[in-house]
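The structure appears below as structure tokens.
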Amino acid sequence: MWRLHLCLLVALAEPFLNSKKTYEYKYEGLVRVGRELPDLVESALKMRCTFKIIGESPQTFVLQISNVDVEDFNGLPGKGVFSPSQKLTERLSAEFSQPIVFEFSKGQITDIRTAPGVSNTVVNIVRGILGFLQVTVKTTQSFYELVELGIHGVCQSSYTVEEDSNAKELIVSQMVDITNCQQPAALYRGMALAPEDKLSKQRGESVVSTVKHTYTVKSTADGGLITKAFAQERQYFTPFNVKGGNSRLRDIELLKVSDTTDKIVTGQMQSRGNLIYKTEKDLRPIPVVMINLNEPMPKILDLIKRLAQANIYHVDSASSTDILNLIQLLRVATLENLEQLWKQVSGNDEHRRWFLDLVVEVTDERILKFLETRFKAGDITANEAGQALVVAFNHLSAEPVSVALAQEFLTIPFSKSHPLMWNTVVLAYGSLVYRYCVYTDPCPITVVQPLLDMATSGLSKNSEEDMVLALKALGNAAHPSSIKTLLKFLPGYTAGAEKLPIRVQSAAVQSFRLLASRDPHSVQDIVLNLFVQRTLPAEIRMLACMVLLETKPSIALISVISEVLLEETDLQVASFSYSLLKGISKSRTPDNQHLSTACNIAIKILTPKLGHLSYRYSKNVHLDWFHDDFLFGTSADIYMLQNESLIPTKLMLKGKMHFIGRILQFLEFGFRADGLKELLVGKIPQLKKGITDFATIMNILSDWQNLPKDRPLLTAYARVFGQEAFLMDVREDSIQSIIKSFSPSAGKESKVWEKIQDVQKGTSWHWTKPHLVYEARFIQPTCLGLPVEISKYYSIINAITVKAKAEINPPPKEHLGELLSSDISLHTDGFVGVTKDHFVFHGINTDLFQCGTELKSKIVSALPWAFDLKINRKEQKYEMNLTPIKTVTELFSVNSNVFSVLRNIEDPSLFKITPMMPETEDSQKGLPLTKNSEVKFRQCADAKIYGTSVCIEAEAKRAHYLHEYPLYYFLGHTRFSYQLEPDATPESVITVKALGLSPPAKPLGYEGVAFYLPTAQRDNIEMIVSDVGEEANWKMCANANTDKSQTSAHLRWGAECQTYDLSMRVSAACQPESKPSIYTKITWGALPSVFTMIGQRIQEYMPGISYIMGFYQKYEKNPERQAAVTVVVSSPQTFDMRVKIPEVVVLRIHHMSFLFQICLIAFLLF
């Protein structure tokens, strides 16, 4: 609960101060941050002082503050006491000791002036103290509303006035609506790319604030005198829906009024503005850390060296949070400091990388000037430049000076030195423009003009690559003034646009995706016109429909789409559009609340005609989920656009998170396969001998060299938070370079040759990537003059270390092909790991002190390895020996807890951090609990043949409150760990051999032997893997043989290969007189119980799955231990599929692309 007691001196109709009087007050301010429950720890800070208001002239007054005392609290309410904070008291006393001048006229504080050295934090506290003067009292009305300037901004106040005739006093109550201020002092940072979901906010809020003041006004000879004032300000916050909150209290009491005798000497003063709270421009204090920021240079160097050293041989999770300390220090360094640091770290690869990866979090013009110097000097690589610039541009504070400096990178020659880097520069600039326009209305056209010029230039030169890049950047920027330029690339709007490559037209249509939310009506008119033109390519119409639905059209527009689809003759367009409507009709996320109703009506109309269309046609698959109580949900989409070819024209996958009233589109991946499609279209019938006709397949693939040089085989892109950040074309020259490097004929000029020479000498490689994924902050002033902040930080450290040494006998002398006849022995060890830190802070955050609640979670993943590999390709010998671990190795762990914290800059090492759920039995008293639990679990399984034990540890402490407090479940401590520990068995016989012939000994582990026996008619392969323990009899026996039309395999395993067995046969027929076909049959005998269970599940779900996928189904009595699949190519573009399992037969005609889509989706998802 947040309560503020204020004593305010005002006149009736307006506050009144007599310039000949001195007013002395006692002040007490209290802030509490917690859950308002007696058995949960909270933090609190209390400040007391006395102050005088001394008149200098009728409109000028001096504020003097003295007797400052600061105390803090960190513990259970009612079970602890406040402790003095001596050094913080001294710091504040020193700043408050300087007089403060303010102008006061007609009940309004118009200007506050202080000495130059007074901090912004102290000035804001002064604003909170003086705020009690800014109140309007009307004696002729019992209720009235006013828009007034206050510490929260220019906000609406509602007043009620009651008269106490006995005491001759007025009781005035004031409610301030701080959620809808005309000029809010509240500040958002890091949320520009997460659009607000208004419909979600209607269902509930994650932040709710209330402000209420009560004044007692007594009539005096000079006017109205406020003899007592009480203010209560409360804020509720939860990562989900609101349940619980925090509070602040302020108490001001008038001690006495006396005549002014002496004038105050104020000295040099500077204006600090009016009563509205002022936020530091650079938001310097990161809320979850507090360090001394004086002399940052040596501290930065020390942290870089320590972090680099700590993360060489593993990811040091204990030091991962230090990257926030490093970012904090970098943000206070000057541009000259950054240049000096670069000179000191650039010569060391490790230090250089850490510096470049984190200096980009300096989010103002300093980082742009620093990177501009690097670009012009050319003292960083294109890879370093691209990585640094994309983060810097996307984390940059979008101010006019920053946008102007960022434009310079579009003209620096180094930006164009590498195609991928140039793409990054252009796309990142578009993202910066978008974020700038979020906070600037109207947004000037000058910021987007370079991109408009780039698009026009590409069009005039007919450069497909330049046009696509510029259009994608314009799509990132989403500037309303770009619509006129975008129309030049759309058929039906500009003469000749229909002759542009489909890829260009497609990019132009998709450029409207973000504009759909900024200017939905203009976008609707444009894309609807594209959708209804049946002469346009199917891909353009499908994308137009996708963008149209992103504008959240009305039910009338959905009706228009339905009417078009009822008459549609292009089944690709019909199928894709129908699936879009169908997916939205089932949506449960708030942003689709109204649209889903309209789509549901449309689906009922369209299903009789379009509901039967199969996966041979273009589709959208939409899945989503939303929980109203938590105001949290997710959604995912897969878009497959294709024509009558095997390969889809375009494939897109995207995922969104609906969280705290906003929509975060974390990732989107897309692939375009124009060149690959052109390569394969019409070539499938050439396979006269079916899928075993390898010569024809290689001949088809070899045609890629004959494709146009300017036509990429494949284009890939990625969007992060809705912004396209990565664009890459895979072209003929790239493939040619790879093939040439790995060719057996490649010699000493090959890069692969160079690497092989390094490995023979012994080589190592190490890479780390620290990254602040997001920093989102919401800062709202309070009537105390202190900022309450809600912040979220998510940081990652990725690391990989590889060591390798090889012996090659004989070593290659002329070309790589010589390796095929050499004995190769390779030893390698290393690790790959990642640490993820997530923080959520709620409370007071200033550069002097912090008081709040923190959620801290850490996820650690690591995978070490050490093994020896022996290869003799000529004799078909392969052997691998795994080296057992020697130390405890944590493969995966999760730790999280919620803490109450207190920090102050005068005693940064004496911070107080206490778990919100205390470690005492007293926590079980107070609010009724349904369950209070603490669980500890540890279980290990020995794998002695590997020399290790696999251990799982879990620990959880929870308090389950009554049902109205379900989120409090997350307040407890959580730990989970999955780790490897050395086994007690002696680390000399612990070995694994795979595919090795004639081993010289019988150690613990597994031994494999393989035989390859080719004949003129067929190839035979046999393999035996056995447990080589002295008393072991477990074996796995496999044999396979293949000829021109059939492949069969038989697998047996268990005791002497006799326990379980499984067989499979695949045959192909591709005779001129018959249709090409593939027949697959699987038979089995005894199987492990898990296999049987899986089979039963498949049989149970087969009817439903086959129905969803459009199969025809009938029941037949088939062999109990047999399954078969028959595929017959019925035409160049379709095939018949027949699946038989016990008791069920399903069959269906499919388009060729069905198989490709299923394989591609499986690859991308898994």
message: From the list Val161, Val176, Val172, Val154, exactly one residue is assigned to a strand (DSSP E or B), at pLDDT 90 or above and surrounded by 22 or more Cβ atoms within 10 Å (Cβ to Cβ). Which is it?
response: Val176
- prompt: For region 1020-1076, which residues satisfy the criterion of being under 27 Å from Glu1120 (Cα atoms), open to solvent by less than 50 Å² (accessible area, probe 1.4 Å) and not in a strand (DSSP E or B)?
  reply: Cys1057
field: Pairs where the first residue, in region 889-906, is within 25 Å of Arg35 (Cα to Cα) and the second is hydroxyl-bearing (Ser, Thr, Tyr) and part of a loop (DSSP other than H, G, I, E, B), C-beta under 7 Å, 6+ apart
entry: Asn904/Ser85
field: Filtered residue count, region 261-288, keeping only those that are touching a helix residue (DSSP H, G or I) at 6+ places or on another chain (Cβ under 7 Å) and either open to solvent by 70 Å² or more (accessible area, probe 1.4 Å) or under 25 Å from Arg331 (Cα atoms) (or both)
entry: 8
- prompt: Which residues, counting only those in region 209-227, are under 16 Å from Cys783 (Cβ atoms) and surrounded by fewer than 23 Cβ atoms within 10 Å (Cβ to Cβ)?
  reply: Ser209, Thr210, Lys212, Thr214
task: Might you let me know whether region 874-883 holds any residue that is of a type in the set (Phe, Trp, Tyr), open to solvent by 30 Å² or more (accessible area, probe 1.4 Å) and more than 20 Å from His973 (Cα to Cα)?
output: yes
query: Across region 193-231, what is the total count of residues that are under 37 Å from the mean Cα position of the chain (by Cα), in a strand (DSSP E or B), modelled with pLDDT under 80 and not aliphatic (A, V, I, L, M)?
result: 0
Verdict on Lys278 being under 23 Å from Ser157 (Cα atoms), modelled with pLDDT of 75 or more and either more than 34 Å from the chain's Cα centre (by Cα) or assigned to a loop (DSSP other than H, G, I, E, B) (or both): yes
- prompt: Is it the case that Ile129 is part of a strand (DSSP E or B) and either of a type in the set (A, V, I, L, M, F, W, C) or open to solvent by less than 30 Å² (accessible area, probe 1.4 Å) (or both)?
  reply: no
- request: Please specify each residue of region 616-636 satisfying the condition of being closer than 19 Å to Ala574 by Cβ and part of a strand (DSSP E or B).
  value: Lys619, Asn620, Val621, His622
message: For region 171-229, which positions are out of contact with any Asp or Glu (no Cβ under 8 Å at 6 or more places or on another chain) and among the acidic types (Asp, Glu)?
response: Asp177, Glu196, Glu205, Asp222
- prompt: Regarding Phe143, is this residue aromatic (Phe, Trp, Tyr), surrounded by fewer than 22 Cβ atoms within 10 Å (Cβ to Cβ) and out of contact with any Cys (no Cβ under 7 Å at 6 or more places or on another chain)?
  reply: yes
- line: region 825-916: strands (runs of 3 or more DSSP E) wholly inside it with 3 or more residues that are over 26 Å from Pro811 (Cα atoms) and not charged (D, E, K, R) are 849-872, 889-904, 912-915
statement: Within region 105-117, residues being closer than 21 Å to Lys263 by Cβ and open to solvent by 10 Å² or more (accessible area, probe 1.4 Å) number 4
- prompt: Taking region 622-663 on its own, how many of its residues are under 15 Å from Ile584 (Cα atoms) and out of contact with any strand residue (DSSP E or B) (no Cβ under 8 Å at 6 or more places or on another chain)?
  reply: 0
- prompt: For region 296-329, what are the residues that are hydrophobic (A, V, I, L, M, F, W, C) and more than 23 Å from Val362 (Cα to Cα)?
  reply: Ala310, Ile312, Val315, Ala318
task: Restricting attention to region 813-839, report how many residues are open to solvent by less than 20 Å² (accessible area, probe 1.4 Å) and either of a type in the set (S, T, N, Q) or modelled with pLDDT of 90 or more (or both).
output: 8
task: For region 333-444, please list each of the helices (runs of 4 or more DSSP H) lying entirely inside it that holds at least 2 residues being over 23 Å from Tyr717 (Cβ atoms).
output: 335-345, 349-359, 365-377, 400-407
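Here's the yes/no breakdown for (1) out of contact with any strand residue (DSSP E or B) (no Cβ under 9 Å at 6 or more places or on another chain); (2) open to solvent by 50 Å² or more (accessible area, probe 1.4 Å):
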site	(1), (2)
Thr551	yes, no
Ile555	yes, yes
Pro590	no, no
Gln593	yes, yes
Thr607	yes, yes
- prompt: Taking only pairs six or more apart or across chains, which ones have beta-carbon atoms under 7 Å, a first residue in region 1111-1130 that is part of a loop (DSSP other than H, G, I, E, B), and a second residue that is polar (S, T, N, Q)?
  reply: Arg1121/Thr1083
message: Can you find, within region 77-104, the residue that is surrounded by the fewest Cβ atoms within 10 Å (Cβ to Cβ) among those that are of a type in the set (Lys, Arg) and assigned to a helix (DSSP H, G or I)?
response: Lys87
statement: Residue set Ser933, Ser909, Ser893; condition modelled with pLDDT of 75 or more and surrounded by fewer than 14 Cβ atoms within 10 Å (Cβ to Cβ); output residue Ser909
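The values are calculated or read from the model by the stated rules, or taken from the named source; none is laboratory data. Bear in mind that the values here come from a model prediction, so they are computed numbers and not experimental data. Don't worry about glycine lacking a Cβ; one is built from the backbone with ideal geometry, like all the others, and counts go over all protein chains shown. Ligands, DNA and RNA are stripped out before the accessible areas are found, and what is left, the full protein with its side chains, is counted by its heavy atoms. Shrake-Rupley method; radii C 1.70, N 1.55, O 1.52, S 1.80 Å.
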